[in-house]
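K.L.:
Below are the structure tokens for one structure; questions will follow.
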């Protein structure tokens, strides 16, 4: 552990911007020691001016992260045989006995595919890597998936499909060089605020040199600074992109030299977009033809077009197709592989990128390898010292497929680590029912009172960021070392150590003997050699001495040599070196509005909260920013359904009903309503928004369409409490968890 006597440099553990933080110890330089409500001394945080990703800027969540590190923590393993029993403390030895016993009996009975793990972009790369080695290597099941499946898997699939590999080709410096910033499906101001501030400062500094386009049905804080706000109808993103391409061709704004030299599939693509005239596109999208033409002219006449997107694109039934549709525009205009240009996915989780590099999705292996590729499997088996054929040849169960497998009684063990699916998954009541069918639900978690912990049999206390050393990779492919600067809390353990210990107890001693997380990272880095995400030249030592580095960073590179952008040579990691135009027909929403459910509900985030409030919900300052979830509804819809501003509304979909306080506002498009997704059933102002969402997903990326579902609203006379609160189950379990909360 790093000495607590001086400030520590690390990466923020919240969003994928990956801001550098400087952490100051309690009582630094003679200052009085600040303590949280439980009496724990608090570290304070500020932006690290030397970190190239944020240059000293930090949002309110990062600035208050020191207040969250010790409050409400799980301190020891807890177990109960059934959900009707009370949790009892057990030793780690007993916990490992339970796990090894279950795994061995399952392997001899149902087989390895009756075991599954659901991980998280909160993992360090070392945690991710050893989880792959344990499940995909030692156990022989590819049933590892992560909450990146709900977040970035459409971006992964779109990049791979169109460019030949995952990996954003851009960097944050492109915000300083682009002439057009095209933001679609991203509320950057609230979800990636430091990048938004960088863009805003650029706009104020050079108003004529930067044009900002925002595509969003809501008039968010991001849209308010736009030169062009296209408030399109939900589900029409791909049609919009095809219509813009039609305009580029009409205006002769395409780059024929680039298309001929570096792409394939243009002829089929041209036929696809030929029917998407400006008139037809504008009509379907619900915008004026002039609005569409104004933005189309930017794509056809401007150099330096940077597109940025996030969950509004990815969390769609046609998420992969929309990502490819956006990349098509860059290929059409040659706007890729140069300063200020390219398709830039804004990652949601702090280490979702590192997880993908380590193989942390059900179809991946470390180094952006695929489980379906026999050469890739062989390379990894040899590196791991495993027999040929140890790694299964078929992709494992994706996140929602794991839920479906539990429903069918096919899983004996579901292990959830560093994530809270009973807030973030769609159709939450169905997830709860599925978990109740699984013989052993294991939850590895730093905090005790999460929604998912209330549906677990075995709770394992996890050491979190600040208590374990490891690497994270942010949205611009920059790797930062996050050192341990606090002691492990209670009897908690780092996830990688738990996976390694379990591997040894299952008989894989040689494969899982490590002296440190630095040793784990070295093994992973070596396995990335010659891959597009090559980090074979990185180590904990180099990152500690020279600071954050972007990949690719092969062995022998110096810290100043790493490329900032991918594909600068117009060659792509496909079989023939060419990027591929994709020709997808728009499908629209998976569950469009109808006579019974006439509104489209979309969900999103607030600036002051992070995902499921497991961490940010412990900060009074953040809670005061957003004391309750609010339903946003357009004035005309409020009048139509007799909904009053400040009143209560019941929101009903085909899957259930919940209540929320109302904000009547014209910032949302008529026919749409909005709810934040943060509040689960453990919160006093519970509003389980994802209970209403359907499970239909993109067939390519398997990412659920969490951004749109059909609902109806009506006045409510009282707050509807979640079943866990109504039944008293929540408080009964909390009484048993309280001794573990320190």
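No lab work stands behind these numbers, since they all come straight from the coordinates. As the structure is a prediction and not an experimental result, all values here were calculated from the model. Positions of Cβ are generated from backbone atoms using ideal geometry, with glycine treated the same way; all protein chains shown enter the neighbour counts.
K.L.:
Among 720-728, 363-371, 628-636, 315-323, what's the highest-first ranking by average C-beta atoms within 10 angstrom per residue?
P.N.:
Ranking, from highest mean packing down: 315-323, 363-371, 628-636, 720-728.
K.L.:
Starting from the Cα of residue 505, move 7 Å in the Cα-to-Cβ direction to define the label point; list residues of the range 83-98 whose amide nitrogen is under 11 Å from there.
P.N.:
Only 91-98 fall inside the zone, counting backbone N under 11 Å.
K.L.:
Could I ask something else about it? Measuring from label point to label point, each 7 Å out along Cα→Cβ, what is the residue 387 to residue 516 span in nm?
P.N.:
3.6 nm
K.L.:
Roughly what % of DSSP beta bridges within the chain run antiparallel, to the nearest 5?
P.N.:
So the antiparallel bridges in the chain amount to around 45 percent.
K.L.:
I would also like to ask the following. Taking the DSSP beta bridges in the range 599-736 as the whole, what percent of them are antiparallel, to the nearest 5?
P.N.:
65 percent
K.L.:
Please list log₁₀ I(q)/I(0) at q = 0.24, 0.25 Å⁻¹ for the range 8-68, using the Debye equation with identical point scatterers on the alpha-carbon positions.
P.N.:
Rounded to two decimals, the profile gives -0.93, -0.97.
K.L.:
Still on this structure, I have one more. Across every pair of different alpha-carbon atoms, what Kirkwood hydrodynamic radius in Å does the range 599-736 reach?
P.N.:
15.8 Å
K.L.:
At q = 0.14, 0.17, 0.27 Å⁻¹, what base-10 log of I(q)/I(0) does the Debye formula yield for the range 511-556 when every alpha carbon is treated as an equal point scatterer in vacuo?
P.N.:
So the normalised log intensities are -0.32, -0.46, -0.97.
K.L.:
Compute the separation of the alpha-carbon centres of the range 105-162 and the range 517-546 and state it in Å as a whole number.
P.N.:
Centre-to-centre (Cα) distance: 21 Å.
K.L.:
Related question: Report the full-extension gain for the segment residue 585 to residue 665: residue separation times 0.36 nm, less the Cα-Cα distance, to one decimal in nm.
P.N.:
25.4 nm
K.L.:
Along each principal axis of its Cα atoms, how long is the range 146-219 end to end? Whole angstroms, biggest number first, please.
P.N.:
Between the extreme Cα coordinates on each principal axis of the range 146-219 lie 38, 27, 20 Å.
K.L.:
How much length is gained on full extension from residue 34 to residue 718, taking 0.36 nm per residue of separation minus their Cα-Cα distance?
P.N.:
242.3 nm is the gain from fully extending residue 34 to residue 718.
K.L.:
Shifting gears a bit: What FRET efficiency comes out for the pair residue 55/residue 373, r = Cβ-Cβ distance, R0 = 41 Å, nearest 0.05?
P.N.:
0.55
K.L.:
Please tell me the relative contact order of the chain in percent, rounded to the nearest whole number, where contacts are Cα pairs under 8 Å and at least six residues apart.
P.N.:
Result for the chain is 19 percent.
K.L.:
Could you work out how far apart the two model spin labels at residue 75 and residue 654 are, taking each label as a point 7 Å from the Cα in the direction of the beta carbon, and quote it in nm?
P.N.:
Spacing of the two 7 Å Cα→Cβ label points: 4.8 nm.
K.L.:
Starting from the Cα of residue 221, step 7 Å along the direction of its Cβ; do the same at residue 297; then give the gap between the two resulting points in nm.
P.N.:
The answer from the label model is 3.2 nm.
K.L.:
Just want to confirm a number: the relative contact order over the range 216-341, from Cα pairs under 8 angstrom separated by 6+ residues, in percent.
P.N.:
Worked out over the range 216-341, it gives 34 percent.
K.L.:
A further question follows. In nm, what is the difference between 0.36 nm times the number of residues separating residue 257 and residue 541 and their Cα-Cα distance?
P.N.:
In short, 97.8 nm is gained.
K.L.:
For residue 88 and residue 177, FRET efficiency with R0 = 60 Å and r from the beta-carbon atoms, rounded to 0.05?
P.N.:
0.55
K.L.:
Based on the mean of other beta carbon atoms within 10 Å per residue, what is the order of 679-686, 661-668, most packed first?
P.N.:
Sorting 679-686, 661-668 by mean packing, highest first, produces 679-686, 661-668.
K.L.:
Between the range 344-379 and the range 432-464, what is the separation of their alpha carbon centroids in Å?
P.N.:
Spelled out, the Cα-based centre of one part sits 25 Å from the other.
K.L.:
So for each of 130-136, 639-645 I average, over its residues, the number of other beta carbons within 10 Å; can you give me the resulting order with the highest mean first?
P.N.:
130-136, 639-645
K.L.:
Calculate the translational D of the chain in whole µm² s⁻¹ from Stokes-Einstein, where the hydrodynamic radius comes from the Kirkwood formula applied to all Cα pairs, the temperature is 4 °C and the viscosity 1.567 mPa s.
P.N.:
50 µm²/s
K.L.:
Further, regarding this structure: For a bin width of 10 Å, list the pair-distance distribution of the range 307-409 built from all Cα-Cα distances, rounded to whole %.
P.N.:
13, 29, 34, 20, 4, 0
K.L.:
Determine the distance separating the Cα centre of the range 237-260 from the Cα centre of the range 606-659; give it in Å without decimals.
P.N.:
Comparing the Cα centres of the range 237-260 and the range 606-659, I get a distance of 39 Å.
K.L.:
In whole percent, what relative contact order does the range 601-732 give with Cα contacts below 8 Å and a gap of six or more residues?
P.N.:
In percent, rounded to a whole number, it is 30.
K.L.:
Now, a different point. Would you mind checking the range 237-268 for residues with the amide N under 12 Å from a putative spin-label position 7 Å along Cα→C-beta of residue 274?
P.N.:
What the label zone holds, given the 12 Å backbone N cut-off, is 267-268.
K.L.:
Using the number of other C-beta atoms within 10 angstrom as an exposure proxy, rank 495, 97, 113, 221 with the fewest first.
P.N.:
If I rank by nearby Cβ atoms, fewest first, I get 97, 221, 113, 495.
K.L.:
What would the Debye formula give as log10 I(q)/I(0) at q = 0.21, 0.29 Å⁻¹ for the alpha-carbon point model of the range 648-702, no solvent?
P.N.:
Rounded to two decimals, the profile gives -0.92, -1.24.
K.L.:
Over the range 153-345, consider all pairs of different Cα atoms and compute the Kirkwood hydrodynamic radius from their mean reciprocal separation; express it in Å, one decimal.
P.N.:
Result for the range 153-345, one decimal place: 16.4 Å.
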